[in-house]
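Presented below is the structure to which this report refers.
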Amino acid sequence: MKILVTVKEVATVEDEFEIDGTAIDERFLGADLNEWDDYAIEAAVQLQEDGIADEVVTVTIGPEDAEQTIRQALAKGADRAIRVWDDALADVDLLDVGAKTELLQAVVEDEDPDLVLTGVQSGDDSFGATGVSLADAIDTQWAAVVNDLEVDPDAGTASVHRELEGGVEELTEIDLPAVLTIQTGINEPRYASLRGIRQAQRKPLDHQTLADLGVDDGAVDGDLELTDMYEPETETDVTVFEGSAEETAGDLADLLREKGVEA
Amino acid sequence: MSDVLAIADHRRGELRDVSYELLTAGRDLADETGGDLHVAVVSGPVDEYAEKLDREGVDAVHTVDYGEEFNHDVYTQAITQLYDALAPQYVLAPNSVNGLDYAPAVANRLDLPLVTDVVDLAVDGDALVATREMYGGKVETTTELAADAAAVTIRSGEWPAAEGTGDATVEAFDVDIDEDAIGSTVTGFEEVAGGDVDITDADVLVSVGRGIDEEENLELIFDLAEAMDATVSSSRPIVDNGWLPPNRQVGQSGKVVTPDVYVAIGISGAVQHVAGMKGSETIVAINTDPNAPIMDIADYAIHDDLFDVVPALTEEFQ
Ligand SMILES: Cc1cc2nc3c(=O)[nH]c(=O)nc-3n(C[C@H](O)[C@H](O)[C@H](O)COP(=O)(O)OP(=O)(O)OC[C@H]3O[C@@H](n4cnc5c(N)ncnc54)[C@H](O)[C@@H]3O)c2cc1C
């Protein structure tokens, strides 16, 4: 069984930042592996260790800079990586769900995986929709927000728990192949070992352009355009205590006593 | 083609609150496009639901009487057929866990652009303008969709619930479900175990987030809680890491709490966390980041390192 894991390098924002047009000024941005994808990678690697999967491939839509993040997934046990990038993508502000779907669909058609694992959402634009959209595009089953997974390769099914609101989980059986969007907490993502990090340097990381995938340039234009970005207005009149930790703690303690908190 | 089709959300025999909020969002949008508001309810006791959904501003309710509980294959088929029959301009769905399990599939199948987790909507000429957050709520953005039609999921709690009684027509929609295309079966539900502490019962919660950094450091929080005679709760990563049991988690997938005082320590205030604590009487935030989204709903704040403030605060109460 072959597993494809979608992996994204997300932008992280420093505490203090400035907005430049419709983006955060690059000086205040960092990069990290998307939190949810870390759990998806772990789920795939565990299926491989259990002898259920025999190959784990990752796919990323991202520029060359993202390769360091992709290597993290390889260091944790994925066998090889695909990175989709193209000049046509560099010009796009906000890659919408439809465009991501089209690119990933082309990769799935090449790779023909039995299972695709994605994160529930990415921490930067948080659409939370690519996995399910992809499933429909490649005409397979799916489940969103999975926090428990058992695969039965002989029966060709997966038993999943979908985490609903309010501490309720839905138990669902689905036919394979399928796309599952993986929720944090489903497992304990491992840290890459030194050996893993060394091995990752030698694992294949294949770059694919739109032409390689047979996707039109127009497919990535999308219908969404980011037109403004700003800091949200505060809803409350927040009182900020200033001073040293002793002073602020003293002020807060006075307030809390006023509100009835007592030792 | 100027109508709006909103899809109600329900679970285990009850309509969820976001359904009524969808009616308001849908009515507002239909007023801007000059169209009608159609509401669809799929599966479960649909006639009972239809009666409840017939609130002010709703023009028509379409019931799809097929199955009891949510099944994404049934939803996807039913909504695409409703779309073909009604030809609405916009499809509105809730940004609930189930909404995210069918809306992207519906959008893909109908070749509609999709924008999710929207907190505000407007129409500007031919374009739909959607307001949404990015980077865990650190910024808000507006996105324009220049398309004839679109699918949108809305965040719960952003629109008021529709009220009153409407005079909508209620019609059973004649759906044709292809059973061979149903590849998923819901076999049951499970509730997260209760445990010995009920955080929903506490008057004062000291709530800890990822800012605590290491499991060992939780001791600082328990010391503070003991000194203040408060109960310890947490954001999700603390539970995901296995540092505290699930019954301590506040938020969308955890508990909804409404204490007199909620002290958020090293918690950024992501929407899924805020969903569980915004009803607290007084909210205090201790966070090094003055721009953390928690500051937008806090009443009192300290912009400082929790490792300095928390021990000092504990001392105050000892
Ligand atoms: C479907 C779904 C359901 C979810 N359900 C829930 C839920 O029920 N509950 C929930 O909480 N989350 C939930 N989440 C996750 C949510 O999106 C956030 O990822 C999570 O709430 C972040 O937790 P946090 O604030 O503790 O961590 P972070 O967002 O990482 O914030 C840590 C904060 O600590 C501050 N900090 C760091 N160091 C210090 C220091 N030394 N002193 C002071 N401050 C410091 C930082 O400035 C930052 O603001 C859900 C997500 C999804 C997709």
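Is segment A:2-220 best put as rounded, prolate or oblate by its Cα gyration tensor, with a ≥ b ≥ c the root eigenvalues, rounded for a/c under 1.5, and otherwise prolate when a/b is larger than b/c, oblate when not? Since a/c stays below 1.5, the shape of segment A:2-220 is classed as rounded. Once each part is reduced to its C-alpha centroid, what is the distance from segment A:159-193 to segment B:1-41 in angstrom? Each part reduced to its Cα centre gives a spacing of 29 Å.
List the relative contact order of chain A as a percent without decimals, with contacts defined as Cα pairs under 8 Å and 6+ residues apart. Spell out each step's value before the answer.
Details: 486 pairs, mean separation 62.4, N = 263.
Normalised by residue count, the contact order of chain A is 24 percent.
Packing, as the average of other Cβ atoms within 10 Å across residues, places the peptides B:257-264, A:240-247 in the order B:257-264, A:240-247, highest first. Between B:81, A:227, A:149, the Cα set farthest toward the positive side of the dipole of the protein assembly as shown (charges on each charged residue's Cβ, about the Cα centre) is that of A:149.
Can I get the semi-axes of the protein assembly as shown's equivalent ellipsoid? Compute them from the C-alpha gyration tensor as square roots of 5 times the eigenvalues, in angstrom, largest first. Let's see the in-between values first.
On the way: eigenvalues 265, 193, 114 Å².
Each semi-axis is √(5λ); the values are 36, 31, 24 Å.
Here is the size of chain B from its Cα atoms: Rg then Dmax, 22.1, 68 Å. Along the Cα-to-C-beta direction of residue A:19, a point sits 7 Å from the Cα; which residues of segment B:117-137 have their amide N less than 20 Å from that point? Answer for this model: B:117-124, B:128-137. Taking chain A as a Gaussian network of alpha-carbon nodes connected by springs under 10 Å, the highest mean-square fluctuation of the residues A:16, A:163, A:42 belongs to A:16.
Magnitude of the Cβ-charge dipole of segment A:2-220, K/R +1 and D/E -1, about the Cα centre, nearest 20 debye?
Values: 14 positive and 51 negative charges, 188 e Å.
The dipole of segment A:2-220 has a size of about 900 debye.
Taking every residue in B:178-189 and counting other chain Cβ atoms within 10 Å of its Cβ, the average works out to 4.
Backbone phi angles across segment B:221-236, fed through the Karplus curve with coefficients 6.51, -1.76 and 1.60 (θ = phi - 60°), yield HN-Hα couplings of 6, 5, 4, 5, 4, 5, 4, 8, 6, 10, 10, 8, 10, 7, 8, 5 Hz in residue order; Gly and Pro are listed as x. Per residue of B:195-204, count partner chain C-beta atoms within 10 Å of its C-beta, then hand back the mean as an integer. So the per-residue partner count for this stretch is 1. In plain terms, the bigger the Kirkwood radius, the slower the diffusion; for segment B:88-217, with that radius from Cα pairs, at 37 °C and 0.692 mPa s, Stokes-Einstein puts D at 170 µm²/s.
With a simple spin-label model that places each label point 7 Å from the Cα along the Cα-to-Cβ direction, the separation between residue B:198 and residue A:262 comes to 2.4 nm. Solvent-free Debye calculation, one equal scatterer per alpha-carbon of segment B:4-181: log10 I(q)/I(0) at 0.08, 0.11, 0.13, 0.17 Å⁻¹ equals -0.21, -0.41, -0.58, -1.03.
With contacts taken as Cα pairs under 8 Å at a separation of at least 6 residues, segment A:102-248 carries a relative contact order of 23 percent. Comparing Cα centroids, segment B:104-151 and segment A:237-259 end up 41 angstrom apart.
As a proxy for reagent exposure, ranking B:222, A:127 by other Cβ atoms within 10 Å from fewest up yields B:222, A:127. Each helix, a run of at least 4 DSSP H residues, gives -39500 (n - 2.57); summed and divided by the residues of chain B, these come to -7500 deg cm²/dmol at 222 nm.
In terms of its Cα atoms, segment B:224-318 spans 33, 27, 25 Å along the principal axes, sorted from long to short. Per-residue Cβ neighbour counts within 10 Å put A:41, A:70 in the sequence A:70, A:41, beginning with the fewest.
Count, for each residue of B:106-114, the Cβ atoms from other chains sitting within 10 Å of its Cβ, then give me the mean as a whole number. Walk me through the numbers on the way to the answer.
Values: counts 3, 7, 13, 3, 0, 1, 2, 7, 11.
Mean number of neighbouring Cβ atoms from other chains: 5.
Relative to the longest principal axis of the Cα atoms of chain B, the long axis of helix B:18-33 makes an angle of roughly 60 degrees.
Apply the a/c threshold of 1.5 to the C-alpha gyration tensor of segment A:155-217 and tell me whether it is rounded, prolate or oblate.
Working: a/c = 2.40, a/b = 1.37, b/c = 1.75.
Here segment A:155-217 falls in the oblate category.
Ordering of A:134-146, B:73-85 by packing is A:134-146, B:73-85, highest average first (other Cβ atoms within 10 Å, averaged per residue). Looking at the square roots a ≥ b ≥ c of the eigenvalues of the Cα gyration tensor of segment A:60-121, which shape do they give, rounded for a/c under 1.5, prolate if a/b is larger than b/c, or oblate? Oblate shape, in that a/c is at least 1.5 and b/c is the bigger or equal ratio.
Rule-based calculations on the coordinates, nothing more; no lab input. None of the values given here were measured: they were computed from a predicted structure. Note that each Cβ is placed from the backbone with ideal geometry, even for glycine, and that neighbours are counted across all protein chains shown.
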